[in-house]
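Report on the following structure.
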Amino acid sequence: MSFKDNVLKVVANISKGKTLSYKEVSCLAGSPRAYRAVGNILNKNYDPKIPCHRVIRSNGQLGGYNRGVVKKKKLLKQEKAIS
DNA sequence: CGTATGACGTGCA
DNA sequence: GTGCACGCCATAC
C-alpha cells in the first residue's frame, strides 16, 4: 500500500457533489504535507473509478484535470459542487 | 541511489 | 487582489 494507492482510495471515497482540496486528500491519505505528491499521483495515475475531478485547490480553484479543465468544471457544475 | 518533475500551498512585495 | 519565489512530499526514470 503506497501513498499513491491511499490517495486514490481517498479520492474514490469522495461523495458525489462533494469536493476535497489536495491538502485534505493528502491529510486523509496519511501525509498532510504531501499535497504536492497528491496532484502528481492523480496526474500520472488516474482510474475511471477515481473521481479526481472532485479534487480542487484549497483556494477554491479547480486546479487541473487530465481530460481538460473544462470537463472538470462541467462535471462539478453538474454535481452542483460549484456555483 | 540520485535527479528531475508536478493537477499545490504559503509568504511576501 | 495580483504576481513572484520558495518549500514541501511522493513518484518515475
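Taken together, the values in this text are just the output of simple stated rules run on the coordinates, not laboratory data. Every value quoted in this text rests on a predicted model; they were computed, and no experiment measured them. Counting neighbours? That spans all protein chains shown, and the Cβs are built from the backbone with ideal geometry, glycine included.
Please determine, by comparing only the residues of region A:44-61 that are under 9 Å from residue A:8 (Cα atoms) and near DNA strand B (Cβ under 8 Å from one of its atoms), which one is surrounded by the most Cβ atoms within 10 Å (Cβ to Cβ).
Ranking the candidates gives A:52 first.
Give me a count of the residues in region A:9-41 that are part of a helix (DSSP H, G or I), near DNA strand C (Cβ under 10 Å from one of its atoms) and among the hydrophobic types (A, V, I, L, M, F, W, C).
4
Which residue out of A:74, A:80, A:23 is surrounded by fewer than 18 Cβ atoms within 10 Å (Cβ to Cβ) and without any contact (Cβ under 8 Å) to a residue 24 or more places away in the chain?
Matching residue, one of A:74, A:80, A:23: A:74.
Are any residues in region A:10-43 within 11 Å of residue A:56 (Cα to Cα), more than 9 Å from the chain's Cα centre (by Cα) and β-branched (Val, Ile, Thr), and if so, which ones?
If the condition is that a residue be within 11 Å of residue A:56 (Cα to Cα), more than 9 Å from the chain's Cα centre (by Cα) and β-branched (Val, Ile, Thr), then no residue fits.
Could you please let me know if residue A:5 is in contact (Cβ under 8 Å) with a residue 12 or more places away in the chain, within 16 Å of DNA strand C (Cβ to nearest atom) and charged (D, E, K, R)?
no
Are any residues in region A:44-80 in a helix (DSSP H, G or I) and under 10 Å from the mean Cα position of the chain (by Cα), and if so, which ones?
A:52, A:53, A:54
Residues to consider are A:6, A:13; find the one that is loosely packed, with under 15 Cβ neighbours inside 10 Å and not basic (Lys, Arg).
That would be A:13, the only listed residue that is loosely packed, with under 15 Cβ neighbours inside 10 Å and not basic (Lys, Arg).
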